[in-house]
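The values are calculated or read from the model by the stated rules, or taken from the named source; none is laboratory data. All figures in this text were calculated on a predicted structure; none of them were measured in a lab. Ideal geometry is used to build each Cβ from the backbone, glycine not excepted, and the neighbour counts take in all protein chains shown. Calculation scope for accessible area: heavy atoms of the full protein, side chains included, ligands and nucleic acids excluded. Shrake-Rupley method; radii C 1.70, N 1.55, O 1.52, S 1.80 Å.
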2 protein chains.
Amino acid sequence: MSNITEIARRARVSRTTVSRVLNNHPYVKPDKREAVLKAMQDLNYVPNLNAVNLSRGKTNVIGVIVPTINHPFFSNLIEGIGRGCHKHHYRLLVHQSNYDPGHEIEFFNMLKYKLIDGLILGSSMLPAAALDELSHYGSIVSCEASGSRLITKVLVNHESGIRMAVDHLRSKGHRRIGLCIGNPISGIGISRKKAFSALLEAYGLDWRDDWYFEGKYSVEDGSAVAASIAGQSLAPSAMVVGSDYVAAGLIKEAARQGIKVPEQLAVIGFDNQPIAQVMDLTTIQQPIVQMGETAAAALHLMLTEAERPADQTLELELVVRQST
Amino acid sequence: MSNITEIARRARVSRTTVSRVLNNHPYVKPDKREAVLKAMQDLNYVPNLNAVNLSRGKTNVIGVIVPTINHPFFSNLIEGIGRGCHKHHYRLLVHQSNYDPGHEIEFFNMLKYKLIDGLILGSSMLPAAALDELSHYGSIVSCEASGSRLITKVLVNHESGIRMAVDHLRSKGHRRIGLCIGNPISGIGISRKKAFSALLEAYGLDWRDDWYFEGKYSVEDGSAVAASIAGQSLAPSAMVVGSDYVAAGLIKEAARQGIKVPEQLAVIGFDNQPIAQVMDLTTIQQPIVQMGETAAAALHLMLTEAERPADQTLELELVVRQST
DNA sequence: ATAAAGTATGGAACGCGTTTCACAGCAACC
DNA sequence: GGTTGCTGTGAAACGCGTTCCATACTTTAT
């Protein structure tokens, strides 16, 4: 495989000139430029990007950490990040952490090792202090709330989402409202729990601890929640569920148990995934793809302007269907 | 930022010895090894992986091309590939081609440029000849059928999937069976169409051209199909649908139109996604995650043993629910 | 005509770790 | 006692493009 030295020899110019042609620098006479291009053609030249990366000290690759790709929230997010990256000519290195901090740190090393120029966090288990520390090695954008003051955040307004859901249910007359979330110690989970508690208190709503469910991610998990509710002597009349999948499973199993939705149990989901549409699920639509794009754009800004853009919060939207 | 030269100076050894310590080569006396490790600690040394990559001529990164991440088939596939990669210590560069051949070729250059060691094709629009040509630049594994004889394939048996679906419907007495697929000119689409036609002929089933739909990917697309069927004077009594999402949309809209499923219209989907579960959809389960893992393992073999593993075909499974 | 400014090009250093080769020291083997 | 073979270490070349600096030739300005 040929390299610039060979090209230079063949075109009877210096390696510097070849490099200039390669990078479209001015100050190369047309005839020499021609000669270089011809030599590259003849020798079927392909530049070695590793050498370029080493030389330039950057790679045009940005990394993404998500717990799992195979969850609509994160695949939507990556879709958006991917679009944003492509627009700004970055490539995308994706890492599944499985919610394992060890895996996360392993990937953070890519930043230290200069294999990626920047990093977008889909969801992280690392404490704020660790993120602050790691942010010294490169630009980081987080898509979830985090105590870290050093990294830029692009978030959906979880408080507002929970408020929309609860307000909607209250407007329908509900006072016994349960909550079901995914990972309780991720940024999203923490935000949602906190927002929900605050509303419970502010509105003086009823509450029982067995109206709270956590670690629920899948349709099956939703079924389990329904089964549990069905067995309660005093059951909630409405559930706020952090994922459409879980909400769908909940509705499905509720139907099987003879619980009428929405008459006996109102259900509101999050994300407005396709599954919400077919299940006639009222849901809080989150602009996830847009969040990904925004995050990529923010990171691009940090990498090029070396300035830290302000945190951004994207707004949600209530989509009312038949489940409430 | 420190480099091995500084480490070497500080530990009073040669750069070679530092490299040996770094790579756990034998033949380094314990005291020197200690000294090097201490120097690395003191100077907060982080190796520059770009230099390593350049030097070694490989990157331990493998690329994946998919049309879009945000589709359950592909996010499942990437999930599996991600797991397989992690197991073998590869990192994963993901590229969304949007079914645009130009985008694909752009990414193939990563292989030429030596930025990735190998490539997994989720779905490609490139003709077999182009793939053959590109396969000279590095190892490629495809997850869909392709005319290319040079690249390794890890597939699900689409013929068998279509046959399962049709046989199941025939056993329920259906003779007017329609087909609905996604991209008709991708490998998957072609395989499915061909398999379906062959069965139509073999079984002597009825056929009308307006029982065939292509380019259907989403729940909305499924609704459109249902609407179209509702308007037909002679409608199919059963539909084989290449995606659970589309099938779910179809069922939903059919219900709205007063078409009874499965009595008036039986529907069978593909993938056994969560949405199939909540919609009580009979479906052909595809081992997509496993396919991803298998593809990653195959690529690993090609990269380490330099041998081309045999093509692999994974088997499908019929999951019977209420829609047939 | 001469200084100033721009155009054009090459040499050499740089970024940084890996690997080949040569060689020294030392133990085992016949 | 001499050969064989392993252990341990370093110098130097290598992989490859970018960039700083110096130099030389043209123009343009004065």
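Could you check how many percent of all C-alpha pairs in chain A are farther apart than 36 Å? Intermediate values should be presented prior to the final figure.
Values: 18387 of 52326 pairs.
Across chain A, Cα pairs with separations above 36 Å total 35 percent.
Structure remark: mean-square fluctuation, Gaussian network model of chain A, C-alpha springs under 10 Å; the largest value among A:R12, A:R163, A:R56 belongs to A:R12. Per residue of peptide A:75-85, the mean number of Cβ atoms on other chains within 10 Å of the residue Cβ is 4.
When chain A is treated as a Gaussian network with alpha carbon springs shorter than 10 Å, the biggest mean-square fluctuation among A:Q264, A:Q96, A:Q232 belongs to A:Q232. Measuring nothing but how far apart in sequence close Cα pairs (under 8 Å, 6+ apart) lie, relative to its length, chain B scores a relative contact order of 17 percent.
Convex hull volume of the C-alpha atoms in the protein assembly as shown, normalised per residue: 187 Å³. Across all Cα atoms of segment A:254-315, the radius of gyration (one decimal) and Dmax (whole number) stand at 18.8, 59 Å. Rounded to the nearest 100, the interface formed by chains B and A buries 4300 square angstrom of accessible surface, both chains summed, with a 1.4 Å probe. Calculated [222 nm] ellipticity per residue, helices only, for the protein assembly as shown: -14500 deg cm²/dmol; basis is -39500 (n - 2.57) per DSSP H run with n ≥ 4, divided by all residues, nearest 500. Between copies, the label points of A:E106, set 7 Å from Cα on the Cα→Cβ line, lie 3.1 nm apart, reported in increasing order to one decimal in nanometres.
Between segment A:275-296 and segment B:211-243, the C-alpha centres lie 25 angstrom from each other.
Pairs to check: A:K193/B:K216; B:K114/B:K194; B:K193/B:K260; A:K252/B:K260; A:K216/B:K87; B:K58/B:K194. Give those whose C-alpha atoms are more than 31 Å from each other in this structure. Where the Cα-Cα span goes over 31 Å, the pairs concerned are A:K193/B:K216; B:K114/B:K194; B:K58/B:K194. With its label point defined 7 Å out from Cα along the Cα-to-Cβ axis, A:A128 lies at 6.0 nm from the matching points of the other copies, in increasing order.
Just the accessible area for B:L37, please: 1.4 Å probe, Å², rounded to the nearest 10? Rounded to the nearest 10, that gives 70 Å².
Once the Cα atoms are used to define both axes, helix B:72-87 deviates from the longest principal axis of chain B by about 30 degrees. Mean projected area of the Cα convex hull of segment A:208-303, taken over all directions, amounts to 7.3 nm². The average projected area of segment A:1-107, computed from the convex hull of its Cα atoms over all directions, is 9.1 nm². Given segment B:1-43, what whole percent of its Cα pairs are spread farther than 17 Å? Of all Cα-Cα pairs in segment B:1-43, 14 percent lie more than 17 Å apart. With all pairs of different C-alpha atoms in the average, the Kirkwood value for the hydrodynamic radius of segment B:102-243 is 16.9 Å.
Relative to the longest principal axis of the Cα atoms of chain B, helix B:101-112 runs at roughly 30 degrees.
The C-alpha atoms of chain B define a longest principal axis, and helix B:187-203 lies at about 30 degrees to it.
In terms of accessible area, using a 1.4 Å probe and ignoring ligands and nucleic acids, A:H158, A:H136, B:H88 rank largest first as A:H136, B:H88, A:H158.
Here is how far apart the B:R33 label points are across copies: 5.7 nm, shortest first, using a point 7 Å from Cα toward Cβ.
Here the scattering of segment A:144-206 is modelled by Debye summation over its C-alpha atoms, one equal scatterer each and no solvent; at q = 0.13, 0.15, 0.27, 0.29 Å⁻¹ the log10 of I(q)/I(0) is -0.38, -0.49, -1.19, -1.29.
Averaging Cα coordinates gives a centre for segment B:38-100 and one for segment B:120-146; these two points are 19 Å apart. Can you give the Kirkwood hydrodynamic radius of segment A:190-240 from its Cα pairs, in Å with one decimal? Across segment A:190-240, the inverse of the average 1/r is 12.1 Å.
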